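Working notes, beginning with the structure itself.
The values are calculated or read from the model by the stated rules, or taken from the named source; none is laboratory data. Since this is a predicted model, take the numbers as computed values, not measurements. Here Cβ is always computed from backbone atoms with ideal geometry, including for glycine, and neighbour counts include all displayed protein chains. For accessibility, only protein heavy atoms count, side chains too; no ligands or nucleic acids. Shrake-Rupley method; radii C 1.70, N 1.55, O 1.52, S 1.80 Å.
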Amino acid sequence: MDRMVASVLLDGFYGLMSWVFLGLLVFSIFCFVDAALRREDAYRAADKKTKGFWLIILGITVAVNLFLGMLFLTIAGLIANIVYMVDVRPALVQIGGGGRGGFRRGSSSDGPYGPYNGGR
């Protein structure tokens with residue numbers, strides 16, 4: 001009876017951890033893709049290292065989460081992802097990278113098909 005309870009608990013724990021590692025993988029892929037889509041000059045203007053530096057760091061994080069899964073390296077990668085999301089990305093967006101992938105900078109009254117002119 002005790003073995004069956006332990007087996008159920010371990011199965012639940014392993015299921016939970018697999019969802020956690022999947023979430024970390026998705027988060028690291030998002031950070032890598034977002035960093036790849038930002039302009040190189042925005043990194044220099046924001047004084048946040050270089051685009052190549054962040055692509056290497058975040059790419060290693062994706063590789064660790066995808067292939068190795070070692071807890072220490074996963075935690076180090078999570079810290080790198082968090083630094084990118086709370087420090088680098090907002091600075092890039094503020095420099096002029098835009099909120100939607102960094103491609104377009106428009107007025108707050110712009111609609112999906114161009115500027116809104118108030119029905120005129």
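Here are some notes:
- Summarising the label geometry, the points placed 7 Å from Cα in the beta-carbon direction at TYR14 and GLU40 lie 4.7 nm from one another.
- Solvent exposure, largest accessible area first (probe 1.4 Å, DNA, RNA and ligands not counted), of ILE95, ILE60: ILE60, ILE95
- Burial order of peptide ranges 83-91, 28-36 (average beta-carbon count within 10 Å, highest first): 28-36, 83-91
- Computed over neighbours whose Cβ is under 14 Å from that of VAL88, the net charge equals +3, Lys and Arg +1, Asp and Glu -1.
- The trypsin sites (Lys or Arg not before Pro) of segment 1-78 meeting both criteria, a DSSP state outside H, G, I, E and B (loop) and at most 16 other C-beta atoms within 10 angstrom of the site's C-beta, are ARG39, LYS49.
- Inverting the pair-averaged 1/r between distinct Cα atoms of segment 23-96 gives 12.2 Å as its Kirkwood hydrodynamic radius.
- Extension gain for VAL5-LEU71 works out to 21.1 nm (0.36 nm per residue, less the C-alpha to C-alpha distance).
- Only protein atoms count toward the accessible area here, which uses a 1.4 Å probe; on segment 23-96, the carbon and sulfur part of that area reaches 74 percent.
- The distance between label points at VAL83 and VAL33 comes to 2.4 nm (points 7 Å beyond Cα on the Cα→Cβ vector).
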